[in-house]
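Reviewing the structure listed below.
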Amino acid sequence: MSQETPNEQPQEETPDFSKMSLEEKKARVMEALRSVVDPEIGLSVVQLGLIRELDIQDDRMHIVMILTTPFCPYAPQLLEATRLTAQQALGGITTTIEVGLEIWNPSMAEEGVLDDWGLF
């Protein structure tokens, strides 16, 4: 007789990242980064177009990210949340992040996400 524990959730299987293509890995990271939201604007770092470069190797990942303003008060938290979320998306590989020197402008955002602002 087997015993079942009520409310026991099935464990999600960890994907084999070594068998994923580079494009699949990038898509997985970018999808995960949609959960990292700029608290002042209320849009994700992906929607805003802040992720400018994503370099994924077998054992490490490097992200170049820009900010909507050089004086963003949430920059340290936003950068760390981005780094940690990306790292977790690929099973914990070593992940570094740097602030790019590009100046953000609204044309970098995904099409349509800034329509509610009424400015563009």
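Numerical summary
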quantity: Amide H partners (placed H, <5 Å) of residue 52, local residues excluded; calculated: 64, 65, 66
quantity: Residue-by-residue Karplus 3J(HN,Hα) for region 60-73, coefficients 6.51, -1.76, 1.60, Hz, glycine and proline x; calculated: 7, 9, 10, 10, 10, 10, 10, 10, 5, 8, x, 9, 4, x
quantity: Backbone N within region 56-70 under 20 Å of label point (7 Å from residue 102 Cα along the Cβ vector); calculated: 56-57, 61-70
quantity: Helical contribution to [θ] at 222 nm, DSSP H n ≥ 4, -39,500 (n - 2.57), averaged over the chain, rounded to 500; calculated: -7000 deg cm²/dmol
quantity: Most mobile listed residue (90, 78, 22) in the chain, GNM with C-alpha springs under 10 Å; calculated: 22
quantity: Rg ratio (alpha-carbon, reference 2.2 N^0.38 Å) - region 20-105; calculated: 1.02
quantity: Loop trypsin sites (Lys or Arg not before Pro), region 28-120 (other Cβ atoms within 10 Å of the site Cβ: 15 or fewer; DSSP); calculated: 34
quantity: The chain - share of DSSP beta bridges that are antiparallel (%, nearest 5); calculated: 50 percent
quantity: Tilt relative to the chain, helix 75-89 - C-alpha long axis, 0 to 90 degrees, to 10; calculated: 30 degrees
quantity: Sequence-distant residues sharing a close amide H with residue 96 (under 5 Å, placed H); calculated: 61, 62, 63
quantity: Residue 59 versus residue 27: modelled label distance in nm, points set 7 Å from Cα along the beta carbon direction; calculated: 2.8 nm
quantity: Order of 61, 20 - criterion: other Cβ atoms within 10 Å of each residue's Cβ, fewest first; calculated: 20, 61
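Every number in this text was worked out from the coordinates using simple rules, so none of it is lab data. All of these numbers come straight from a predicted model, not from anything done at the bench. Virtual Cβ from ideal backbone geometry, glycine too; neighbours counted across all protein chains shown.
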